[in-house]
Amino acid sequence: TGGGGVPSPNSTRHDKKKTHRKQRSKDKLEQKYLKEKQDENKDKRLRVIRELLESEKAHVKALDIVVERYIRPLTQNDIAEFSTIRAIFSNLELIRNWNSTFLANLEAHLECGDTFGDLFMEMIPFMRQLYTQYNEN
């Protein structure tokens, strides 16, 4: 400070530079934190997508087994009436077809780097209808 407690112009400039450096340092830390948070969110998203794909693949595989090893042989060999097969398995073949289409669309969206919201909005009403029908049987 200069005489009489008044800050000198040099000390005022020094204080401003010091404040500016602190702000830049704070900004860099915030940017680093945001980047880490974005990376963390991206990793979580990828884990969820992988889990969704893997569980959907397993579900389709299980449905394929039921359709190919049970429903088709029963139907093709006239072992049971269609109404009996339908009573036992309901609309499982339609559900399998829907899940296969859903899986293919999920994989296509993933390859293109698209988000999945539009796919869910488009396909979920059909899924709800199919599973509601299945549960009613």
**Item:** q = 0.11 Å⁻¹: log10 I(q)/I(0) that the Debye formula gives for the chain, counting C-alpha atoms only
**Value:** -0.63
**Signed unit charges on C-beta, dipole axis of region 71-129, positive-most listed residue Q76, S100, C112** = Q76
**Prompt:** How far apart, in nm, are the 7 Å Cα→Cβ label points at D114 and L94?
**Reply:** 2.5 nm
**Complete:** If one compares the long axis through the Cα atoms of helix 9-66 with the longest principal axis of the Cα atoms of the chain, the angle in degrees, nearest 10, works out at 10 degrees
**Prompt:** ³J(HN,Hα) across region 86-96 via Karplus (A = 6.51, B = -1.76, C = 1.60, θ = phi - 60°), whole Hz, x for Gly/Pro?
**Reply:** 5, 5, 7, 9, 6, 9, 4, 5, 5, 4, 4
**Prompt:** In square angstrom, what is the accessible area per residue of region 47-136 with a 1.4 angstrom probe?
**Reply:** 68 Å²
**Prompt:** Once the whole set of protein chains is in place, how much accessible area is left on S83, using a 1.4 Å probe, in Å² to the nearest 10?
**Reply:** 80 Å²
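Can you list the chymotrypsin sites (Phe, Trp or Tyr not before Pro) in region 11-107 that are in a DSSP coil and have 10 or fewer other beta carbons within 10 angstrom?
Working: sites: Y33, Y70, F82, F89, W98, F102; in loops: none.
Sparse-neighbourhood loop chymotrypsin sites (Phe, Trp or Tyr not before Pro): none present.
Given a cut-off of under 8 Å on Cα pairs at least six residues apart, what relative contact order in percent is computed for the chain?
Values: 46 pairs, mean separation 27.7, N = 137.
Reported as a whole number, the value is 20 percent.
The values are calculated or read from the model by the stated rules, or taken from the named source; none is laboratory data. Just so you know, these numbers come straight off a predicted model, no measurement behind them. We place every Cβ from the backbone using ideal geometry, glycine too, and count neighbours over all the protein chains shown. The area values use the complete protein model at the heavy-atom level, side chains included, leaving out ligands, DNA and RNA. Shrake-Rupley method; radii C 1.70, N 1.55, O 1.52, S 1.80 Å.
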